[in-house]
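Chemist: I have a structure I would like to understand better, so I am pasting it below and will then ask my questions one at a time.
Read the figures in this text as sums done on the coordinates, not as results from a lab. Note that the structure is predicted; figures quoted are calculated from it, not measured. Here the Cβ positions follow ideal geometry from the backbone for every residue, glycine too, while neighbour counts run over all protein chains shown.
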Amino acid sequence: MALWKEYKIYVDSGDVDLVSQAFIALGSEGVSIEDPKDALPHPNIDEIWDIPLDKFPRKDALIKAYYPIQDDTNNVAEQLKCQIENLYENQLIQECYNFTSEVVNDEDWLFEWEKYYQPIHLSKSIQIIPSWEKDKGFEIQHCENIYLNPGVAFGTGDHPTTQLCAEAIEEYLDNSAIVYDVGTGSGILAIISAQLGAKSVYGFDYDAQAIHSAEQNAALNPLKIPIQFEQKDLLENVTKPADLIIANILEPIILRLIPMIPPLLNLDGVFIISGILNEQVPHIKRKLAEHQLIIKAIKNKGEWAAIIATHKNKEDKK
């Protein structure tokens, strides 16, 4: 039985993504989130999640991050503040919060993770089912039932940006498409693309643990085509153009990715980007325009946006 250092921190609900992603960037082997707003009916399922509200006297969310004992540096709190400053520039968490920590075993961690993760009807044709709920009657006929063990990588399906990307894939994918999923994380968008009829699918991620997680998740599903996962910094050393390029990642990384897109996007290809807050959209739009990419659509869910873009001069190139 493995032992882990569990760090706990209460944050405002609006800071959950910021802090969780900073924990992962600092090498956390897993993050769990308990948010009082999740005690409300989930927008996509007819269930009320059992989260005791008396645990949240300030109406904050509780984030738990896990580090192997041997890797714990005991200064995660200080590194977290620096990581947020580096990744998000002036977008800081609203105030300083106190960390607490304790040693837990892996069974405790798995229980916390599985307790709050439920099947999610992600879009009109996709349902995400946690692997531990497989064959328990959650499958829906005439729907792609995708099994996922979120593990340590992002992309459980319950985040608005994942839903926006899934809906865009449904709309723009065809059965001749070559698909690149950049920053594949748990592999969820690559798996969706494979199950919805892509010709070939590649998932890229800088993090070796994410690639391992994505491969495990792909193995949980009876895929219609195999997916090739590769450890790679964005589209580094990729030379073959694709028909659909998907990136559900952070804004600073999207800005690095955009210049790589034009030579790697086929003439009628589509570029789907999310992980973007609504206020970040103008900056992304300017960057797209600089690289001769035009916007076909912008879709929103709450404070989050997805942008669908293509070549500016594709009509002239035909």
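Chemist: Among rounded, prolate and oblate, which fits the stretch 244-318 when a ≥ b ≥ c are the square roots of the eigenvalues of its C-alpha gyration tensor, a/c under 1.5 means rounded, and a/b larger than b/c means prolate? List each step's numbers first, then the result.
Modeler: On the way: a/c = 1.92, a/b = 1.70, b/c = 1.13.
It is prolate, given that a/c is not under 1.5 and a/b is the larger ratio.
Chemist: Given axes a ≥ b ≥ c from the Cα gyration tensor, I'd like to know whether the stretch 156-228 is rounded (a/c under 1.5), prolate (a/b larger than b/c) or oblate.
Modeler: oblate
Chemist: Pop a pseudo-label 7 angstrom from the Cα along the beta-carbon direction at both Cys143 and Glu78 and give the gap in nm to one decimal.
Modeler: 4.9 nm
Chemist: Report the dimensions of the stretch 120-317 along its three principal axes from the alpha-carbon atoms, largest first, rounded to Å.
Modeler: 51, 35, 30
Chemist: Collect residues whose amide H, placed 1.01 Å from N in the peptide plane, falls under 5 Å from the amide H of Lys296; neighbours closer than 5 in sequence don't count.
Modeler: Correct list: Ile308, Ala309, Thr310.
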